[in-house]
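The values are calculated or read from the model by the stated rules, or taken from the named source; none is laboratory data. Predicted model, so just to flag it, every value in this text is computed and none were measured. Cβ sites come from the backbone with ideal geometry, for glycine too, and all protein chains shown count toward neighbours.
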Amino acid sequence: MQGRWRRVVRTPLGLTATVLVVAVVALAVLAPVLWGSGADDVDTDAILAQPSAEHWAGTDNLGRDILLRVLVASRLSILLALLAIVIAVVAGLLLGSAPFVLGRRFGRLVAAGVNTAVAFPGLLLALFFAVVFGVGATGAVLAIGLAGAPGFARLTQTLVAGVAARDYVAAARTMGIGRFRILVRHVLPNIGEPLVVNATIGAGNALLSFAGLSFLGLGVQSPSYDWGRLLYDGIGTIYVNAAAALAPGAAVLLAGLAFNLFGESVAKGLGVPVGIGMRAVMATRAGSPSGPEPTGHDEEAEDRPSDVVLDVRDLEVTVAGPSGPVRPVRGVSFDVRRGEAVGIVGESGSGKSLTALAVTRLLADHARVDAARLEFLGNDLLAPDTPVRRRMLGTTLAMVFQDPMTAFNPTRRIGAQLAEVATHHQGMGRREALARAVDRLASVRIPDADARVRQYPHEFSGGMRQRAMIGMGLMGTPALIVADEPTTALDVTVQQQVLDLLAAIRAADDVALVLISHDVTVVGEVCDRTLVMYAGRIVEDLPAAALATGARHPYTRALVDAVPDMTTDLAKPLATIPGRPVDPADVPSGCAYADRCPLADDRCRAEDPPLAAEPGGSPRHRVACWHAGEPLPARPALDELVESP
Amino acid sequence: MAMTLTAPARPWAHPWVRFGVRRLRRLLVSLWILVTASFAMIHLIPGDPVRGALGTTAPADLVEARRHALGLDDPILVQYFHYLKGLVTGDLGSSLASQLPVSGVVAQRLPATLSLAVLAFLASVALAIPLGVVTGVLTRRGHGRRTELAFTTTSIIIATIPDFLIGVALVYVFGIELGWLPVAGDDTAASYVLPVFSLAIGPAAILARIVRVEMVGVLEADFVRTARAKRLPARTIYVGHALPNAVTAALTVGGLLLSALVAGTVLVENVFAWPGLGSTIVRSILTKDYPVVQAIVLVYGVGVLITNLVVDVALALLDPRSKIRED
Amino acid sequence: MSELRFDDVTVRYGRTTAVDGVSLTVPEGAVVGLVGESGSGKSTLARAAVGLAPLTGGRITLGGAPVPTRGRPRPLQIVFQDPYSSLDPRMTVGESVAEAMPPGGSRADRRAEVARLLALVHLDPVCAGVVPARLSGGQRQRVALARALAARPRVIIADEITSALDVSVQGAVLNVVRELQRELGLAMLFISHNLAVVRYVASHVAVMRHGRVVEQGPTTRVLTEPGHDYTRELLAAVPGRTTQRSRP
């Protein structure tokens, strides 16, 4: 907590705001002490005087120095504003947490009441309460406080609902802890920060509202005076002495700004820290060498077979991290031939999704992509983007993403979203494009295609949406489909349908497939070849059929062993891999898997093994390991697997 | 208009009908609360409202007669029903000070306030949305950090300055020092310039900021990635895909801002001596002319409710999912 | 007698019926698997058992008596799917676990009990002073298990507790589940969509679809000789059936 607050003050905005707030509070405390009597000095000889050396802002209708009065008025103004905000926050907190404590029926009543009250603007409510409580400081405090309550109630409600949906609140309820105790112990501490920030901004707004009410004559009444009252008096004489209105106006403004800016910079500061910025990432070339020099592949460059659809050499992806550039993909090389299905397997942090996005040039804005070679159907994808290239990619490269629920634009019909591809890239007119969309939807086995084409995405089920995604990719004539975890979010029966569909498409048109997944068994079943990724590198490139028994990298073998299937030996404990996947921001030197590997030795920790075919082994099977194929030691007994944080 | 293809067998189950019914129900409940609150307002005031309006020196029998004439001696529920009946027939009572019918006062002053609020809203939106969209594209993830800082700071500062202060400053600069524009009354078209500006600039800053944030968020959405994967030209992605989704979210806040604009007229009217409801209500509160206050509060409240209704309908039109969302 | 029984349980939300007349038994000391796809109602059934979802019809009993859904003690505990949502981010692991313990006992006793529970799930007792953000997903799930155990339950419901975990850490959680059943005689209703995982931990399995149980019985029987078409469909859809694996 300390560190974050310190970071807030360090930004120029935060520093300015903090200084302003401190100054305002100091003024409120000290001014009446220093200048209180001076501000009340009546001088009938200098009524309504212009600004002068003696009275910097002139004098009012009783000859009193306006500047001094403005300074002294700070205490009342700040005090009233704070009082009002306290009322607003407390009332808002009570009303906003009530639904959580009261249960469904009464809670909904309170929530409905709050929602109705929120619709009315604060000033209106303040006027309403001002009528009820009467003009004057007390009435105004109550008015502004209660007028601000619905806003805070609504905020609290939303925050409480967000926390109440978390599983730890549900867990507390199943433990038998009462709702009120859950509110106090779990909910309120977790909504504290946004509430405090909003309260700070609210204090600023309360100050301004007070000024407004007093300006209308409804707030503080003579002989007390706050900034609003001084404004009210000053406006009356604005033609005679403008400073009489501008001075209190400026004071209100500065104080309100102080609170608002402070609240805003705290809000920003307590959020996720922004990285060093893309400009810094783009400017610096990747410093240290990315690893072992690529050898042996240059000979292949000359006699590269012509049916290579995708050719990737030494792909690297660099993103901005909280403390410097991070490289989640550190040198990936592979190719995909016509009609071939290549699977990329890895866990979180392996870089598999970024690899897919990088090779399809969908990362341009967010990260820097470097590669020795990146070619699709012979076209250099590293060259700058052109309309010709866009058309080529739009019609020959299809993408399928993980979450079908969010992959489509919710405000446009499915048919229109499919037809867009044809109208932009294939020169079709609207009717022709729509007809093709219907045809494509039918080809991915969506029933009732000509009716479905006019529906919105939310009317499709998850599996259907994924098939529609595939259909969208088929609007052109794709040579390659890149599917990033296409079935992870789907039920297993639906998953089977989607995978069958992909297989049928491949068979019909010799379409290549790159399938990214964390599920080794899916990849093993669907793909011809598998690339296993760990910590941004490919650690093994092997035929899918060899996954079960022929893997040679310890990670691949551990991964395969760790997945239970229908033939797993029930008598033994499941294999696990000790430790955690590598954090891309913190990649160790040498082999990244060494910390978790039972075969690791000093050479592994110092030198990163290259991805290469083993001498005497099949050229189609590459491993990046100094101990490839060596027998693994017996698994440790369960008792030894006590983990620390 | 989005029609589901399989039209439900029972017409009253159609999404638009259900939406309409729900919205109407909410409107009626809110209306009833508003009406009851404005009625209760008078009766919550400590002391005798008639005495307060006529002053402490008024003779007792005059106060009694006025009380009786206003029906203030009847039991509360009877007064309530009289009040409701009066609303339905358009009788809003009479001003305690001038004896004139309140409905007349309201009818006379409403157009000035309405024209001011509507113009300010249009100006606000016309300024805020393009600015927010363009800045959103410029400050999408990883880009334009300095632009973002400048934009956010400027909009916070502008939004913090209360509209009446802006009004006062403008009165001083343009009215007194430069004398270019009128600063009181609504006689000419030019008289609209300063009040509309004072009213619109703050909400415009807030709205632009929200549109920018929404735009940046939408540009990160999965469906924008899909549009990029389809290799659509940038303009199609920003305007055809991102913008509609950013606007729907901004619309909800825009509705709140419109309500706030309606309230802002109260302050601005007082600065510019604008002959609208805002200056009237303040005067009436100070002179304790409660029937007038009550009626104007009602008018403002109804205005807010109607604005919210319009916003909800616009949202339902723009986002096909919103009308099936139950509250 | 700690048998958990669902007798013709129905759960209705407005017009939709999430659970429709489900009857199921978790015998004492046994792990019973509950498989189904999304919309099958398996999670709703679990939530109804612990009082998080309304019971529209039927009974849920533990040892013959209705399962208490208010106050303490609560002999039926649940562990949820999302490791990032199941622990209060502002409380240390020790505090979260201790919260579930029955009230009473000195500070030292409670601290010792927390250490014992963490050891049961193979976590270093030093974890007790750490906030959840420092732990991995698999470790967090084990803390959630320890917390559920702290309430001295007779039966634990595990709702997709490994579905959100990386494959390499999933095994640790499943091994702990098996060990708890073996050593403590802990009964469990293990909910999952993954047939292979259920096969590994559960002795009996029930298959749910659209709110109904379509088949139940001993795991080996159901998975090798399914009686219902849907079970067959589920089995056929399990990936990797064509790539058999034999250990060297």
With (1) among the basic types (K, R); (2) over 21 Å from A:L499 (Cα atoms); (3) crowded, with 19+ Cβ neighbours inside 10 Å as the list, and A:K352 as the residue in question, which single condition is left unmet? (2)
Pair list, Cβ < 8 Å and 6+ apart or interchain, from segment C:65-86 residues that are more than 7 Å from every other protein chain (Cβ to nearest Cβ) to residues that are in a strand (DSSP E or B) and surrounded by fewer than 20 Cβ atoms within 10 Å (Cβ to Cβ): C:P66/C:R59; C:V67/C:T61
Could you tell me whether segment B:304-317 includes any residue that is part of a loop (DSSP other than H, G, I, E, B), over 18 Å from the mean Cα position of the chain (by Cα), at pLDDT below 85 and not basic (K, R)? no
Matching residues in segment C:90-127 - criterion: being more than 19 Å from A:D167 (Cβ to Cβ) and of a type in the set (S, T, Y): C:S106
Reported set for segment C:184-221 where residues are on the phi > 0 side of the Ramachandran plot and within 13 Å of another protein chain (Cβ to nearest Cβ) is C:H210
Would you mind stating whether A:A592 is under 26 Å from C:D124 (Cβ atoms), surrounded by fewer than 20 Cβ atoms within 10 Å (Cβ to Cβ) and either more than 9 Å from chain C (Cβ to nearest Cβ) or in contact with a Cys (Cβ under 7 Å, 6 or more places away or on another chain) (or both)? no
Would you call B:L219 within 26 Å of A:F408 (Cα to Cα) and buried (at least 22 other Cβ atoms within 10 Å of the Cβ)? yes
Could you list, in sequence order, the residues of segment A:364-375 that are at the interface with chain B (Cβ under 10 Å from one of its Cβ atoms) and surrounded by fewer than 21 Cβ atoms within 10 Å (Cβ to Cβ)? A:A364, A:D365, A:H366
Assuming A:D365 fulfils every condition listed in (1) modelled with pLDDT under 90; (2) among the acidic types (D, E); (3) closer than 19 Å to A:T395 by Cα apart from one, which condition is it? (3)
Tally the residues that are on the phi > 0 side of the Ramachandran plot and more than 16 Å from the chain's Cα centre (by Cα), restricting the search to segment C:9-59. 4
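Pick out the one residue from C:Q141, C:Q181 that is more than 13 Å from C:V201 (Cβ to Cβ), more than 10 Å from chain A (Cβ to nearest Cβ) and in a helix (DSSP H, G or I). Please lay out each step first, then the result.
Working: C:Q181 fails: more than 13 Å from C:V201 (Cβ to Cβ).
Exactly one of C:Q141, C:Q181 is more than 13 Å from C:V201 (Cβ to Cβ), more than 10 Å from chain A (Cβ to nearest Cβ) and in a helix (DSSP H, G or I), namely C:Q141.
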Hey, among the residues in segment C:163-178 that are buried (at least 21 other Cβ atoms within 10 Å of the Cβ) and part of a loop (DSSP other than H, G, I, E, B), which one's farthest from the chain's Cα centre (by Cα)? C:D166
Condition broken by A:A449, with the remaining ones in (1) touching a Pro at 6+ places or on another chain (Cβ under 6 Å); (2) more than 8 Å from chain B (Cβ to nearest Cβ) satisfied: (1)
Considering only segment A:376-409, state which residues are of a type outside the set (D, E, K, R), more than 7 Å from chain B (Cβ to nearest Cβ) and in a helix (DSSP H, G or I). A:P387, A:V388, A:M392, A:T395, A:T396
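Tally up the residues in segment C:23-55 that are more than 16 Å from C:Y13 (Cα to Cα) and either within 10 Å of chain A (Cβ to nearest Cβ) or out of contact with any helix residue (DSSP H, G or I) (no Cβ under 6 Å at 6 or more places or on another chain) (or both), please. Before you say what the answer is, go through the steps one by one.
Initially, segment C:23-55 is screened for residues more than 16 Å from C:Y13 (Cα to Cα), giving C:23-38, C:50.
Checking the rest, the ones that are also either within 10 Å of chain A (Cβ to nearest Cβ) or out of contact with any helix residue (DSSP H, G or I) (no Cβ under 6 Å at 6 or more places or on another chain) (or both) come to C:23-30, C:32, C:35-38, C:50.
Looking only at that region, the number is 14.
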For segment A:470-494, name all the residues that are outside any loop (DSSP other than H, G, I, E, B) and closer than 23 Å to A:P543 by Cβ. A:L480, A:I481, A:V482, A:A483, A:D484
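Yes/no matrix, rows are residues, columns are (1) among the aromatic types (F, W, Y); (2) modelled with pLDDT of 90 or more; (3) closer than 25 Å to A:L354 by Cβ:
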position: B:A200; (1), (2), (3): no, yes, no
position: B:V213; (1), (2), (3): no, no, no
position: B:T226; (1), (2), (3): no, yes, yes
position: B:A260; (1), (2), (3): no, no, no
position: B:G264; (1), (2), (3): no, no, no
position: B:V271; (1), (2), (3): no, no, no
position: B:W274; (1), (2), (3): yes, no, no
position: B:I281; (1), (2), (3): no, no, no
Residue check: is A:L62 part of a helix (DSSP H, G or I) and on the phi < 0 side of the Ramachandran plot? no
Scan B:S259, B:S284 and give me the residue that is closer than 20 Å to B:L110 by Cβ, small (G, A, S), more than 7 Å from chain A (Cβ to nearest Cβ) and part of a helix (DSSP H, G or I). B:S284
Give the residues of segment B:227-252 that are at the interface with chain A (Cβ under 7 Å from one of its Cβ atoms), in a helix (DSSP H, G or I) and basic (K, R), sorted by residue number. B:R228
Would you tally the residues in segment A:86-143 being out of contact with any Lys or Arg (no Cβ under 9 Å at 6 or more places or on another chain) and outside any helix (DSSP H, G or I)? 6
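Filter segment C:117-138 for residues that are assigned to a helix (DSSP H, G or I) and over 16 Å from C:E95 (Cβ atoms); which is farthest from the other protein chains (Cβ to nearest Cβ)?
Within segment C:117-138, the first condition is being assigned to a helix (DSSP H, G or I), and the residues that meet it are C:117-120, C:125-129, C:132-134, C:137-138.
From what is left, the residues that are over 16 Å from C:E95 (Cβ atoms) are C:119-120, C:137-138.
Numbers: C:A119: 7, C:L120: 11, C:G137: 9, C:G138: 8 Å.
Taking the candidates together, the pick is C:L120.
Pick out the one residue from B:T236, B:T252 that is of a type in the set (S, T, N, Q), closer than 30 Å to B:F164 by Cα and surrounded by fewer than 21 Cβ atoms within 10 Å (Cβ to Cβ).
Numbers: B:T236 fails: closer than 30 Å to B:F164 by Cα.
Sole residue among the options that is of a type in the set (S, T, N, Q), closer than 30 Å to B:F164 by Cα and surrounded by fewer than 21 Cβ atoms within 10 Å (Cβ to Cβ): B:T252.
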Looking only at segment A:320-327, decide whether some residue is among the hydroxyl-bearing types (S, T, Y) and modelled with pLDDT of 80 or more. no
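This table checks each residue for (1) in contact with a Phe, Trp or Tyr (Cβ under 9 Å, 6 or more places away or on another chain); (2) assigned to a loop (DSSP other than H, G, I, E, B); (3) away from chain A (no Cβ under 14 Å).
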{"position": "B:V17", "(1), (2), (3)": "no, no, yes"}
{"position": "B:H68", "(1), (2), (3)": "no, no, yes"}
{"position": "B:F81", "(1), (2), (3)": "no, no, yes"}
{"position": "B:L84", "(1), (2), (3)": "yes, no, yes"}
{"position": "B:V88", "(1), (2), (3)": "no, no, yes"}
{"position": "B:D91", "(1), (2), (3)": "no, yes, yes"}
{"position": "B:Q108", "(1), (2), (3)": "no, no, yes"}
{"position": "B:P111", "(1), (2), (3)": "no, no, yes"}
{"position": "B:S115", "(1), (2), (3)": "yes, no, yes"}
Qualifying residues in segment C:159-200 (those that are out of contact with any Gly (no Cβ under 7 Å at 6 or more places or on another chain) and of a type in the set (V, I, T)) - the one modelled with the lowest pLDDT: C:V167
Would you be able to tell me the number of residues in segment B:238-284 that are among the β-branched types (V, I, T) and within 30 Å of A:Q417 (Cβ to Cβ)? 5
So C:L34 passes all but one of these: (1) of a type in the set (A, V, I, L, M); (2) part of a loop (DSSP other than H, G, I, E, B); (3) at pLDDT 95 or above. Which condition number does it fail? (2)
So, in segment B:136-190, of the ones that are hydroxyl-bearing (S, T, Y) and either in contact (Cβ under 8 Å) with a residue 60 or more places away in the chain or at the interface with chain A (Cβ under 7 Å from one of its Cβ atoms) (or both), which residue ends up surrounded by the fewest Cβ atoms within 10 Å (Cβ to Cβ)? B:T153
